[in-house]
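Every number here is computed from the coordinates shown, using simple stated rules; none is lab data. Small disclaimer: the values here were computed from a predicted structure and weren't measured. Neighbour counts run over all protein chains shown; Cβ positions are idealised from the backbone, glycine included.
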Amino acid sequence: MTMTQTAPITQDVLTIPRKMPEGPMNLVGLTREQMREVLIAHGTPEKQAKMRVGQIWQWIYGWGVRDFAEMTNLSKAFRAELAESFVIAIPEVVSKQVSEDGTRKYLVRIAGGHEVEVVYIPEETRGTLCISSQVGCTLTCSFCHTGTQKLVRNLTAGEIIGQVMMARDDLNEWPEPGAPKDETRLLSNIVLMGMGEPLYNFENVRDAMKIAMDPEGIQLSRRRITLSTSGVVPEIARTAQEIGCQLAISFHATTDEVRDRLVPINKKWNLEVLLEALRSYPKVSNSERITFEYVMLKGVNDSDADAHRLVRLIEGIPAKINLIPFNEWPGAPYERSSNNRIRAFADIIYNAGYASPIRTPRGEDIMAACGQLKSATERARKSRREIEADAGLGG
């Protein structure tokens, strides 16, 4: 099968546009070219536009400045013009919880009053931010708490990169203009493993990650950004070509029968089709391995036979296997595999020549661990909307 396509795969859901019906336009989330176009449209001479974009870009993404009045290398008149037509806005933090292990979980509010969750995980050698790409999720993976919340809409590029900016605010990690460069990073890695399926919101995810990687702003290497997909096959090659980040696959099963139940998207693109796409992934090499995420579910996918079958399935794909002890949530239909069973499974994979780290659950006490993210307030909001609709009160 060919991995090229003429039209992107997207969810048939609303993405709130960058420009709201009333008021100024938000510059956060615009690509450099888009920012150039809107500046020209608002009167900036074409010959100056590229330079102006570079200046504004560094203030927003290099130094975290939100007030045009502070952009001191721009004329006062131009700053006033910017303030009339534009804003620099990011998602609002509704609440922050801090786990006993230092993990931080943020509930952030976006346009329309919707809320998503963002998690920061501090480790000795890095700090990883787990960000969301959609409000809710469409995939209904049976082991995932997020999947029990219906999809509401895609996030805009501004709302995606805004999560990164919000976390840098909270970590107090914006450098001072003119200060010596500090190479140490509290937020050194991004994983698109929060709420939603990133490849069902491809363009907005791509634009946000290009901003994160821009050398004159947040400056994260593409090797420090990992996109996790459940297997939207037509967009996998496009991820390498247009984003260039690391790839992770929510794999979780070694037979179509079990994966159909755990990851329903498998019914559309089964294991054979998915693995064919991964074997031809343009960036696959020993230095850039694909990560296979595998949640360990007692009596479901954790047998020795499963481990041996997994090794056979991924043969020829430079890979590492992240084994994830199941993070239980209220009403979950599964149990976590025992520590002995997980270690035995890991040993089989390791002895076959693959790295098989067992992920240490983080933030379980604040429901911030892998697969646990879900906005209770969004659930409540949804039920109120449905009640109003039933009563004929909806707009």
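For the reader, a short list of remarks on this structure follows.
- Flagged links, alpha-carbon separation over 31 Å, of 105/210; 47/210; 96/267; 50/150; 150/268; 105/268: 96/267; 50/150; 105/268
- Ignoring aspartates and glutamates fewer than eight residues from residue 298 along the same chain, the ones with Cα atoms less than 13 angstrom from its Cα are 306, 328, 335.
- Taking label positions 7 Å along the Cα-Cβ direction at both residue 126 and residue 150, the computed distance is 3.7 nm, reported to one decimal.
- Gained length - residue 360 relative to residue 84, 0.36 nm times residue gap less alpha-carbon distance: 94.5 nm
- Nonlocal amide H pairs with residue 336, under 5 Å, H built at 1.01 Å: 298
- Each Cα pair under 8 Å and six or more residues apart adds its sequence gap; the mean of these over the residue count of the stretch 296-349 is a relative contact order of 57 percent.
- Base-10 log of normalised Debye intensity for the stretch 92-380 (one unit scatterer per alpha-carbon) at q = 0.08, 0.12, 0.14, 0.16 Å⁻¹: -0.32, -0.75, -1.04, -1.38
- Vicinal HN-Hα couplings computed from phi for the stretch 221-236 (Karplus, 6.51 cos²θ - 1.76 cosθ + 1.60; Hz; Gly/Pro x): 5, 4, 6, 9, 10, 10, 9, 9, 10, 7, x, 7, 4, x, 9, 5
- Spin-label model, residue 260/residue 241: points 7 Å from Cα along the beta carbon direction are separated by 3.2 nm.
- Put a dot 7 Å past the Cα of residue 181, heading toward its Cβ, do the same for residue 279, and the two dots end up 4.3 nm apart.
- Linear extension gain, residue 48 paired with residue 172, 0.36 nm per residue minus alpha-carbon span: 41.4 nm
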